[in-house]
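Comments concern the structure below.
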Amino acid sequence: MTNETPTAEASPANNATSSELAPEQPAPVNAVASMGHLGQPPSPVNTVVHTPIQQENSSLLYTNLINSILLTIPPFDGKPEEYAVFKQQFDMLVHEKQEIPDTLKHVLLLKLLTGDLKERMRSTNISTRDYETLRSNLERQFNRNKDIKQMYLNQLKTFVFDEHDFDKMQADLDKFCIIINNLKNVGCATNDILLVDIFINKLPSIIMDTVFKKNRKKECKMAELIDIAYDTIAEKRAIAKAKESKKSKVYTNEVYAVQDATTKQVNDHQSDDPKFFRSEEGESSESD
């Protein structure tokens, strides 16, 4: 006969007893945290509330931004030589700013166009697509290096320096330097011998001699010749002012000399006149 160990069957009483005797297991930390989070109201720190004051401040910031941009960037009226600088300023202050929406960029770009160009580039809608179209049209019309280079070369050929006024000569030289710099920016070799000859031949006669001799003695670059021209203008102007000052002093001395001679002649004439002595004797007797 086989001995078998009887198996105890689980009863409700036994289950209750085992559950009461077993230690209570703590709830998972994540569960407690999530339950606590669900049971708590949202933190006021994480809650964004757009009050009327905040909305007013935001509107004021946009207004100040727009005014600042419009005051900083000069309007563009369609002159090809001014487009490159206009585009750089607009890109830096407006186009590359991600916080400015495309619609506002479109409005600002339209606002900065003036004259006939504004009429030709007028948009019928304010949108991202129309903004991109406007920029493409401006690029197509004004960002043409070949045409711009030819325009600057024509300006160089027709340029005229003042021949007599040193201040005007210096102002003209400033303008000439701007044209040279613009040519350099569009890829023109400004040290080319043809451009150097054009520059020397256009200089005022009183300046040309010095610059020509310097370049003949040693072949110079355009920037070096421009510096020589500036120095020569300053030197000639200083000499002219010194001569004027000397002439003025000589004239003043001559005037004083004439006045002294005239006064002496009058005094001598009065001393030789008998009436002068009689009048003095009469005054003397009356006083006695």
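The values are calculated or read from the model by the stated rules, or taken from the named source; none is laboratory data. Owing to the predicted nature of the structure, the values given are computational and were not obtained by experimental measurement. Glycine gets a Cβ as well: all are built from the backbone with ideal geometry, and neighbour counts include every protein chain shown.
A few notes on this one:
- Residue within the range 82-101 that is among the hydroxyl-bearing types (S, T, Y) and in contact with a Ser or Thr (Cβ under 7 Å, 6 or more places away or on another chain) present: no
- Residue, modelled with the lowest pLDDT, within the range 155-172, restricted to residues that are under 21 Å from N182 (Cα atoms) and exposed (fewer than 10 other Cβ atoms within 10 Å of the Cβ): K157
- Qualifying residue in the range 136-152 (condition: among the small types (G, A, S) and either part of a helix (DSSP H, G or I) or closer than 23 Å to G187 by Cα (or both)): yes
- Failed criterion for I206 (all others in (1) aliphatic (A, V, I, L, M); (2) surrounded by 14 or more Cβ atoms within 10 Å (Cβ to Cβ); (3) within 25 Å of V85 (Cα to Cα) hold): (3)
- Options K175, K213; residue that is more than 28 Å from R144 (Cβ to Cβ), assigned to a helix (DSSP H, G or I) and not small (G, A, S): K213
- Odd one out for R122, checked against (1) outside any helix (DSSP H, G or I); (2) among the basic types (K, R); (3) modelled with pLDDT of 90 or more: (3)
- Considering the range 122-140, and only residues there that are under 25 Å from the mean Cα position of the chain (by Cα) and surrounded by 15 or more Cβ atoms within 10 Å (Cβ to Cβ), the residue that is farthest from I206 (Cα to Cα) turns out to be Y131.
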